[in-house]
Amino acid sequence: MSLDTNRSNDLSKSKATNIANTVNHNATQPPWLAELEQRSRRNQQTFIDHISSRLGRPRATEPPIHPFRGAPSFWKEWSWEEQERVERFTAHFQEVGGHVVSVDNLEAAGEWIAQYAQDLEAREIVRQQLPELEQLRLEQRLPDAHLAVWNEDQQTDWRATAAGADIGIVMAEGAAAYTGTVMVTSSAMQGRSVSLLPTVCIVLLYKKNLHTRLGELLVPLDQRGRQQLPAGVHFISGPSRSSDIENDLTIGVHGPGIIYTLLIG
Amino acid sequence: MSRSEKTSATVKERADIALNNDFLRKAVRFTTERLRNGKQLASTEHGNWDEWRERGRQIRLHTIAHLDYYLNLFVENARANGVHVHFAEDTAAATEIVMTIARHKQAESVVKSKSMVSEELHINHALEEAGIEAVESDLGEYIIQLAGEGPSHIVIPAIHKNRYQIAELLSKDAGEELPPDTTVLAGYVRRKLREKFLDADIGMTGCNFAIAETGSMVLFENEGNARMVTTVPKTQITLMGMERIIPSWEDLEVMATLLPRSATGQRLTMYMSGITGPKRDEDSDGPEEMHMIIVDNGRSGQLGDPEFQELLNCIRCGACLNVCPVYRQIGGHSYGGTYSGPIGAVLTPALNRNVAEWDDIANASSLCGACYEACPVKIPLHDMLVYLRRRKVERGHGNRWESIGMKGFAILMGNSKRLGTALKMGRILQKPVVHNGTISLKIGPLKGWTTYRDMPPMADDPFRERWSKLEQELQQDQVTMDATVKDRMEQLVQARQRSKRGDFDES
Ligand code: SF4
């Protein structure tokens, strides 16, 4: 794999040109982009007005009443007991090629990961910069491996680090048993690359965050609202896979071909 | 390479080319069969399927009926998130915006994840003309790109290629001999594309759904390439049909229930990603600059048209392709447009607003109604095909005999809808054109069939029954599949069943 070394330099100085979540970025825009923005605002009027006129009425500006929001009502009330959630989640995640391991606590999770990394002779490991993951004490447990902590310094090209890692370790924010899905989010401490670029992905999930339905993960995103949403919310249901060659299943096409959920608690 | 919307060959001629390719038919039938069964499995396992479909339909109907409000809301929110939103009324406008961004970014390469809109706009062609490399990163798309072809199925673009053909293409690409082994071939593509991702200046994606209330975009995929495209390059460009909107994340649960189950029989695709704006200041990955181009390109023509507005409800799952006897017979490329199968037969002429083209594609359908029954948002495609025929005749593109026949259609369609009536009409309309017990002049719903298959007059046998016979016939055809190909495919299925990975569970 060839890495563009210029890119890594660019990354650290990228802050200057970056666009914050809610600020008006017109001021710092290069002229061509400012021009596109202006054009966009002009076109918006015509574009949306055209839609209204095709719909045969004046422009709607009030929120319409949406009587069918979300899942059918019988579904919204439905849930499994914890035991069943664990069983279903495990069955569904495994059915599509993922692995689920139950551990009592973070200490046990750390032990399991260390053993796994040793068995596989993992050399490069990258994890999110989260206090829980620190408690895994992987640095002590795996003195021979190189352990990188996402975004712990400004010099490193973190994407490249993740791409070169054998194992990436992330914390799930929640999970849905019905679809066998874990949800991970992005932030400065939680690079999206950590669950995407390494060969193996290990997801830590507290049992208390395992829900029944996908809706139990989605509705809170509406409640958080635009300004509180992370840039990336990723729902992961198993290993990267494709059947594009003669329907023959291959795993690890672009993302991790091996994925573990460590169910804690 | 034929990526033009309408090549000079007719559907019939293209179908003949397709029909000559034995493997194509077998592979298409095998895959669609498997996906269809997978879908049946997933939707029975998931109870109350019809209630979910109805819910999906209602959400789509509601959003489209208020599209001006929701699209505007989406745009305002996406902008507030720091996205550069652009509007393009047609291919030329969309291409110009992409090229402007690419030029100012001094882009040398663009890495893409699957986007039907980009196919529709022929963006790769425009990029390549400007000397910019456009790399498709979906495994199937990468393969057909090497072959210089367009996708033949919405969900499985390289459905028509076998592993030997793929090994040959990839060997040429690699400059060394690669064995026809799926793992080796996929491994090669992984390595090759990793480099492309890390080198690319721009990542380009489509958009499955756009959430109005938070200005987020949602992508469904299995390989992780869409995640790569939205994580690694510094600039992201997303092409989005203007109708992709849903109001909320809560509504996404319904779409996430319907789309993967209908497309591939999965509970959920391996990845579903919601992207809300470019990377935050402190983030070390994700795009620094994010553009979304909202494309009309003929879509607004369906708005306010009572017969076709529901086309905009389509969530591009491909289920109607998998159940369509005509698609299963002739394969995707025969449709000659970006979108194939029953949805393509209606969408292509609707987007092109070209009445003269309508007969050709609209006839590549049996009007059996299977597409409607499979559709997760209940789009009455078979009715639309009849409307298309009628409009074509109304606008003077039909011949005299057909016009007489189509007037009969109009009268009958006036008081009743859907399959039953259309089928009864099929029988009535045959009357003036049946000679010596066979149909000599091909009218309306029968034309497609009589062109591609010999069909005796329907007499008193309802089309519905005939359809089930036809299906049996198609399935019997499969028995004549080349024995070695069949063996291999069966082994694959069995192996997967044994491995307990869920035999109908991948895309
Ligand atoms: S028309 Fe319906 S079945 Fe066909 S692709 Fe669209 S949503 Fe799927």
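The values are calculated or read from the model by the stated rules, or taken from the named source; none is laboratory data. As the structure is a computational prediction, the values presented were derived from the model and not from experiment. No Cβ is skipped: glycine too gets one built from the backbone with ideal geometry, and neighbour counts run over all protein chains shown.
Descriptive notes on the structure:
- Hey, B:GLU213 within 13 Å of chain A (Cβ to nearest Cβ) and either among the charged types (D, E, K, R) or surrounded by fewer than 23 Cβ atoms within 10 Å (Cβ to Cβ) (or both) or not: yes
- Considering residues of segment A:223-246 that are part of a loop (DSSP other than H, G, I, E, B) and at pLDDT below 95 only, the residue farthest from B:LYS161 (Cα to Cα): A:GLY238
- Meets criteria (within 15 Å of the ligand (Cβ to nearest atom) and free of Cβ contacts under 8 Å to residues at least 40 places away in the same chain) for B:ALA263: no
- Odd one out for B:ASP251 among (1) within 18 Å of the chain's Cα centre (by Cα); (2) within 16 Å of the ligand (Cβ to nearest atom): (1)
- Residues in segment A:30-54 that are of a type in the set (A, V, I, L, M) and facing another protein chain (nearest Cβ under 8 Å) were compared, and the one that is surrounded by the fewest Cβ atoms within 10 Å (Cβ to Cβ) is A:LEU33.
- Cβ separations smaller than 9 Å between residues 6+ apart or across chains give the following pairs from segment B:178-198 residues that are closer than 14 Å to A:PRO256 by Cα and facing another protein chain (nearest Cβ under 7 Å) to residues that are surrounded by 17 or more Cβ atoms within 10 Å (Cβ to Cβ) and of a type in the set (Asp, Glu): B:ALA186/A:ASP244; B:ALA186/A:ASP248.
- Residue match in segment B:296-308 (condition: closer than 26 Å to B:THR91 by Cα, among the small types (Gly, Ala, Ser), touching a Gly at 6+ places or on another chain (Cβ under 7 Å) and at pLDDT 90 or above): yes
- Qualifying residue in segment B:397-418 (condition: away from the ligand (no atom under 14 Å from the Cβ) and modelled with pLDDT of 60 or more): no
- Taken as a whole, the structure leaves B:ARG267 outside the set of residues that are more than 7 Å from chain A (Cβ to nearest Cβ), closer than 18 Å to B:VAL377 by Cα, crowded, with 24+ Cβ neighbours inside 10 Å and of a type outside the set (A, V, I, L, M, F, W, C).
- Matching residues, segment B:293-319, being surrounded by fewer than 24 Cβ atoms within 10 Å (Cβ to Cβ), within 11 Å of chain A (Cβ to nearest Cβ) and away from the ligand (no atom under 14 Å from the Cβ): B:ASP296, B:SER300, B:GLY301, B:GLY304, B:ASP305, B:PRO306
- Single condition B:SER334 does not satisfy, out of (1) at pLDDT 80 or above; (2) more than 12 Å from the ligand (Cβ to nearest atom): (1)
- No other residue among A:THR90, A:THR61 is facing chain B (nearest Cβ under 9 Å) and either under 30 Å from B:GLY47 (Cβ atoms) or of a type outside the set (D, E, K, R) (or both) apart from A:THR61.
- Restricting the first member to segment B:67-88 and to residues that are without any contact (Cβ under 8 Å) to a residue 24 or more places away in the chain, and the second to residues that are in a helix (DSSP H, G or I) and of a type outside the set (Gly, Ala, Ser), the beta-carbon pairs closer than 7 Å and six or more apart or on different chains are B:ASP68/A:ILE48; B:ASP68/A:ILE51; B:ASN72/A:ILE48.
- Of all the criteria given as (1) within 14 Å of the ligand (Cβ to nearest atom); (2) at pLDDT below 80; (3) surrounded by 24 or more Cβ atoms within 10 Å (Cβ to Cβ); (4) more than 14 Å from chain A (Cβ to nearest Cβ), the one not satisfied by B:ASN322 is (4).
- Taken as a whole, the structure leaves A:GLU87 outside the set of residues that are assigned by TED's automatic domain parsing to the domain that holds A:GLN190 and more than 23 Å from A:GLU173 (Cβ to Cβ).
- Any hit, segment B:347-366, residues being within 18 Å of the chain's Cα centre (by Cα), within 14 Å of the ligand (Cβ to nearest atom), at pLDDT below 80 and outside any helix (DSSP H, G or I): yes
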